Amino acid sequence: MSVDLGSEWMKIALVKPGVPMEIVLNKESRRKTPVAVCLKENERLFGDSALGVAVKNPKVVYRFLQSILGKTADNPQVAQYQKHFPEHQLQRDEKRGTVFFKFSEELQYTPEELLGMILNYSRGLAQDFAEQPIKDAVITVPAYFNQAERRAVLQAAHIAGLKVLQLINDNTAVALNYGVFRRKDINSTAQNILFYDMGSGSTTATIVTYQTVKTKESGTHPQLQIRGVGFDRTLGGFEMELRLRDHLAKLFNEQKKSKKDVRENLRAMAKLLKEAQRLKTVLSANAEHMAQIEGLMDDIDFKAKVTRSEFEALCEDLFDRVPGPVKEALAAAEMSMDEIEQVILVGGSTRVPKVQDVLLKAVGKEELSKNINADEAATMGAVYQAAALSKAFKVKPFLVRDAAVFPIQVEFSRETEEEDGIKTMKHNKRILFQRMAPYPQRKVITFNRYMDDFVFYINYGDLSFLNEQDLKVFGSQNLTMVKLSGVGSSFKKHSDAESKGIKAHFNMDESGVLILDRVSNLVLDFKTDAEKPEEKSDAEKAEETEADKKSKPQKKSKISEDITVELEVNDVLDPSTEDMEVLQDLTDRDLEKQEREKTLNSLEAFIFETQDKMYQDEYLAVVTEEEKEQITGKLSEASNWMDEEGYTAGTKELKEKLSELKKLCKAMFFRVEERKKWPDRLAALDSMLNHSSIFLKSVRLIPEGDQIFTEVELKTLERVINETMTWKNETIAEQEKLFPTEKPVLLSKDIEAKRSFLDREVNYLLNKAKFAKPKPKDKAKDKNTTSTENSKANSTANSTEDAEKVIPPKTEEVKPAEEPPTADEKEETILELNPAENTDTGNSQSTTHLDISVDAKSFQN
């Protein structure tokens, strides 16, 4: 599955055998689901159900969690979130320095836990849609997410029990989706495209280069390369909606219908936000619209006209920021707009007309392209990547070279001695990943001058391209302190060896997460046991001259010895495993609730449906009066119990009640189902008997010299036909003596078993005929004879086409110069077809089952 995890909405897609790529519909049959969770005392609600509660009780609904993931309590975005959602209690986590939501004195939740709940819900939607379990997922994240934010999403996915194949940047997922469906248009000439994505919470501009490249492993394939990325973390549709909400609140206060300030009423403000969201969408297509809410506050209705020009005036400074990400992307890619072939709009907020007007003017193009699904492109690109990464599917390769938006470097200090003998500490920096460096990629940093334990730091590089506000939001620029121990002892162990330095192996994986794989001391040893010279006699030693010794090269052996590594995180600590136990309890409670509801519904349906069946003729025909009274009495008793006690009963009690009723009705249901199946099953058996008899009669007419079947095989088929006919007649006769209320002796499964066995016997002979080699012909025969035989064969083939997919024995032209096939060769052909069978018994079954209909005409041919 893939989850396009936006700030306000998530879209889910899946790939499964027979379903290449498909958007998952939620329980409301919608293609997108709000990223929202509602926490009540005894239950959790998600998506649209949670949003429904948000209007009535906003305190218990948590939304827009993306903006505070991986953030410390002093981050400006945390303060901004608190301003937007004053109904929540955000408190500092003293252990991690991050924040958590205080739900009650006993319960508190981190943003990762809440997002984990939502991701777990997304998996449930996908599993219901796929009708099978799902664990593997590709999840989208904004391209500007730093290391702490990416780790926070991975933690949330871990809480949800998802195996993350990759965190893919949402802009990269869009670019992949665009490229996959335009594969034929991509060639060796580079094409540069700019994707402008304005969503609910943020805006990203991405420059992508498409072209075909040749690889050593698998030949020539299309490739996309992320060349430049620019972003604005807070420019999006949600900020526009908040301004509209505040404008509507101002209009309501000006109407003076209430002495209270509507802005102090959380429930009223939640209603106004919902109306502002609707209003923004409508004003994208209309010059003006009437906002109206029934019972906004104190049973007072609200109604006011809002024009598009008023809306644009409210958001004027936001529209001024629209070109910013484009300029940043061009600067990062070191390109000009003249090199960009087209600008493609992505994200729901690009539908605002003013956004398009400002952007079009900024890029200087004739038009903005809309040739991609603005809402679902990232979801579909991510699910294509999920299929490519999964071992269960094979997709056409499309190479992806993503880029690290933020540079990362290694820093360390070392004591150096100046010419005057004074020792000083020198601080060194080595770039690990440049800005826009492609990943996944492995890097090795070598420390040459350390002979003992030391410390180095992994930090972000030059972030001067970020403005002051972005730097504050970015958080800690220090990632990790790495303490190495065992360096000195490693050198002492190999004191006679040549050191190649302490090597630190880094990996920026497919998710854009930096990992320190290992640190090792690489030495070249000249004295390994493998290279020790053999013992020589005194005479041999005397013959060996000094020149010979010098001319022989000395062999070296590489030895890599791991160094102990201790990491100290300097940005944001991951949540502890203890913090996740409460969430598991909640998940278990949800599953228990779902299981109970499912059982309750099943019991209700069974009682209702079975009561209705007790009035139907096909059921009344198979039950005695005593059985009928017993079943109807128990159903009535269960129905009364449901009305009085059933709705408070536990899952176990409900299951026991349902099991009791099913057991009571089992014999009745069985008799009805058997009688329904008899006609079709018996008709199929009669047809098989008829075809088998005709087939047997036809093959017995084949002349002895051309016969390819053994007498044992034909007699076996004859015996099976006769035994099946006898069984059918005797069983039907026995069944006719029984009352419909008695247990039947004619069973549908037995009828099918008899038909299948007979079918296998016939198919074995048909397959033997199909693959059998032709009989050897006398070489003395003239060409006219051969030609006549070929004509007969062609006539046979033509007449076979009129039959219903019947495959007679193949006849190949026999060339005079060829030696006739031996008996061993013929036997070998049959054994290859049926390797596990003994053809002499006649009871063998073909390993290849062909669905072949047989009729009299084809066998006569």
Notebook entry, point to check: Could you say whether any residue in the stretch 277-287 is among the charged types (D, E, K, R) and within 19 Å of residue 317 (Cα to Cα)?
Noted result: yes
Note to self: Which condition from (1) under 21 Å from residue 67 (Cα atoms); (2) of a type outside the set (Ser, Thr, Tyr); (3) surrounded by 19 or more Cβ atoms within 10 Å (Cβ to Cβ) is the one that residue 321 breaks?
What the structure shows: (3)
Item checked: Cross-chain or 6+ apart pairs with Cβ under 9 Å, the stretch 618-641 first and under 14 Å from residue 660 (Cβ atoms) and without any contact (Cβ under 8 Å) to a residue 60 or more places away in the chain, then surrounded by 14 or more Cβ atoms within 10 Å (Cβ to Cβ) and basic (Lys, Arg) -> 638/657; 641/657
Check: Filtering the stretch 28-55 down to residues that are outside any strand (DSSP E or B) and in contact with an Asp or Glu (Cβ under 8 Å, 6 or more places away or on another chain), which residue is nearest to residue 8 (Cα to Cα)?
Finding: 35
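Every residue, every condition in (1) at pLDDT below 95; (2) farther than 29 Å from residue 376 by Cα; (3) surrounded by fewer than 16 Cβ atoms within 10 Å (Cβ to Cβ); (4) among the charged types (D, E, K, R), yes or no:
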site	(1), (2), (3), (4)
3	no, no, no, no
16	yes, no, no, yes
23	no, no, no, no
36	no, no, no, no
42	yes, yes, yes, no
54	yes, no, no, no
67	yes, no, no, no
105	yes, yes, yes, yes
Check: Being of a type in the set (Asp, Glu), modelled with pLDDT under 95, surrounded by fewer than 18 Cβ atoms within 10 Å (Cβ to Cβ) and more than 30 Å from residue 137 (Cα to Cα), is that true of even one residue in the stretch 345-366?
Finding: yes
Checklist line | Matching entry among 395, 383 (being on the phi < 0 side of the Ramachandran plot, modelled with pLDDT of 95 or more and not polar (S, T, N, Q)) | finding: 383
Note to self: With over 30 Å from residue 488 (Cβ atoms) and part of a loop (DSSP other than H, G, I, E, B) as the only criterion, which of 403, 362, 374, 386 stands out?
What the structure shows: 374
Next item on the list: Looking at (1) out of contact with any strand residue (DSSP E or B) (no Cβ under 7 Å at 6 or more places or on another chain); (2) loosely packed, with under 14 Cβ neighbours inside 10 Å, find the lone condition where residue 417 falls short.
Entry: (1)
Item checked: Sole exception among (1) acidic (Asp, Glu); (2) within 30 Å of residue 310 (Cβ to Cβ); (3) touching a Phe, Trp or Tyr at 6+ places or on another chain (Cβ under 7 Å) for residue 402, by number -> (2)
Check: Among the residues of the stretch 499-511, is any more than 18 Å from residue 445 (Cβ to Cβ), crowded, with 16+ Cβ neighbours inside 10 Å and modelled with pLDDT of 85 or more?
Finding: yes
Check: Mind checking which residues of the stretch 557-573 are modelled with pLDDT under 90 and loosely packed, with under 14 Cβ neighbours inside 10 Å?
Finding: 558, 560, 562
Checklist line | Tally, over the stretch 143-183, of residues that are among the aromatic types (Phe, Trp, Tyr) and either in contact with a Cys (Cβ under 7 Å, 6 or more places away or on another chain) or under 24 Å from residue 213 (Cβ atoms) (or both) | finding: 2
Check: Quick one: is residue 60 among the aliphatic types (A, V, I, L, M), touching an Asp or Glu at 6+ places or on another chain (Cβ under 8 Å) and surrounded by 15 or more Cβ atoms within 10 Å (Cβ to Cβ)?
Finding: no
Notebook entry, point to check: Of (1) surrounded by 15 or more Cβ atoms within 10 Å (Cβ to Cβ); (2) at pLDDT below 95; (3) over 30 Å from residue 345 (Cβ atoms), residue 375 satisfies all except one. Which?
Noted result: (3)
Note to self: Here is a list: 339, 288, 264, 310. Which entry is in contact with a His (Cβ under 8 Å, 6 or more places away or on another chain) and over 26 Å from residue 233 (Cβ atoms)?
What the structure shows: 310
Next item on the list: Kindly provide the set of residues from the stretch 20-75 that are aliphatic (A, V, I, L, M) and without any contact (Cβ under 8 Å) to a residue 12 or more places away in the chain, ordered by number.
Entry: 45
Next item on the list: Filter the stretch 91-101 down to residues that are within 24 Å of residue 266 (Cβ to Cβ) and over 33 Å from the mean Cα position of the chain (by Cα) and give me whichever is surrounded by the most Cβ atoms within 10 Å (Cβ to Cβ).
Entry: 92
Margin query: Give me the residue from the stretch 584-634 that is assigned to a helix (DSSP H, G or I) and in contact with a Ser or Thr (Cβ under 6 Å, 6 or more places away or on another chain) and, out of that set, farthest from residue 112 (Cα to Cα).
Written below: 607
Item checked: Matching entry among 197, 185 (being in the same structural domain as residue 397 (by TED's automatic domain parsing) and crowded, with 24+ Cβ neighbours inside 10 Å) -> 197
Note to self: For the stretch 288-307, check the following and say yes or no: at least one residue is without any contact (Cβ under 8 Å) to a residue 40 or more places away in the chain and either in a helix (DSSP H, G or I) or aromatic (Phe, Trp, Tyr) (or both).
What the structure shows: no
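The values are calculated or read from the model by the stated rules, or taken from the named source; none is laboratory data. Owing to the predicted nature of the structure, the values given are computational and were not obtained by experimental measurement. Note that each Cβ is placed from the backbone with ideal geometry, even for glycine, and that neighbours are counted across all protein chains shown.
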